[in-house]
Amino acid sequence: QVQLVESGGGLVQAGGSLRLSCAAPGSIFNLNAMGWYRQAPGKQRDLVAVLSRGGRTNYADSVKGRFTISRDNAKNTVYLQMNSLKPEDTAVYYCNSDGPRGTYWGKGTLVTVSS
């Protein structure tokens with residue numbers, strides 16, 4: 001059973017910052033793209049950011065300039081640095097791994113941004 005283990009969620013005031021982490025098994029981390037999605041209450045799950053094995057990034061328009069995705073290959077970990085957080089960023093954030101080794105999801109970590 002492949003597990004993606006997320007951490008770093010929590011409560012933060014608007015304008016603040018959080019960093020999410022997601023650790024994955026090396027067997028998939030080294031071959032798959034890694035990304036973050038989020039799902040707000042009553043809404044669908046949407047892409048936040050994705051980072052390919054080759055280093056190409058893609059961000060949702062709503063987070064461009066505020067969020068940064070990165071990966072540490074030595075630790076098999078992907079990060080999402082979130083700055084200038086807004087109340088509308090409140091959601092459960094899910095780590096995703098997608099590629100030749102299949103598609104996998106973490107259990108999610110809650111981010112709450114208070115106004």
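Remarks
- Net charge contributed by nearby residues that have their C-beta within less than 9 Å of Y37 (K/R +1, D/E -1): +1
- Those lysines that a straight Cα-Cα span of less than 19 Å connects to K64, excepting residues fewer than 8 apart in one chain: K86
- Between segment 1-53 and segment 74-115, the alpha-carbon centres lie 2 Å apart.
- Among S70, S84, S27, residue whose mean-square fluctuation peaks in a GNM of the chain (springs only between Cα atoms under 10 Å): S27
- A cut-off under 13 angstrom between Cβ atoms defines the neighbours of E6, and their net charge, with Lys, Arg +1 and Asp, Glu -1, is +3.
- Normalised per residue, the accessible area of the chain is 53 Å², obtained with a 1.4 Å probe and no contribution from ligands, DNA or RNA.
- Kirkwood's formula applied to the C-alpha pairs of the chain gives a hydrodynamic radius of 14.0 angstrom.
- Spin-label model, S52/R19: points 7 Å from Cα along the beta carbon direction are separated by 2.6 nm.
- When a 1.4 Å probe is rolled over the protein heavy atoms, the share of accessible surface on the chain that falls to carbon and sulfur comes to 46 percent.
- FRET E, pair S114, K75, Förster distance 35 Å, beta-carbon r, rounded to 0.05: 0.70
- Here the extension length gained between L11 and Q39 equals 8.5 nm, from 0.36 nm per residue of separation less the Cα-Cα distance.
- For G16, the amide hydrogen comes within under 5 Å of the amide hydrogens of L85, counting only partners 5 or more places away or on other chains and with H modelled in the peptide plane.
- Net charge of Cβ neighbours under 14 Å - reference A60; Lys, Arg +1; Asp, Glu -1: +2
- In loop segments of segment 28-97 as defined by DSSP, the trypsin sites (Lys or Arg not before Pro) with at most 13 further C-beta atoms inside 10 Å of their C-beta are K43, R56, K64, K75.
The values are calculated or read from the model by the stated rules, or taken from the named source; none is laboratory data. Owing to the predicted nature of the structure, the values given are computational and were not obtained by experimental measurement. Cβ atoms come from the backbone with ideal geometry, glycine included; neighbour counts cover every protein chain shown. Remember, those area values only see protein heavy atoms, side chains included, never the ligands or the DNA or RNA. Shrake-Rupley method; radii C 1.70, N 1.55, O 1.52, S 1.80 Å.
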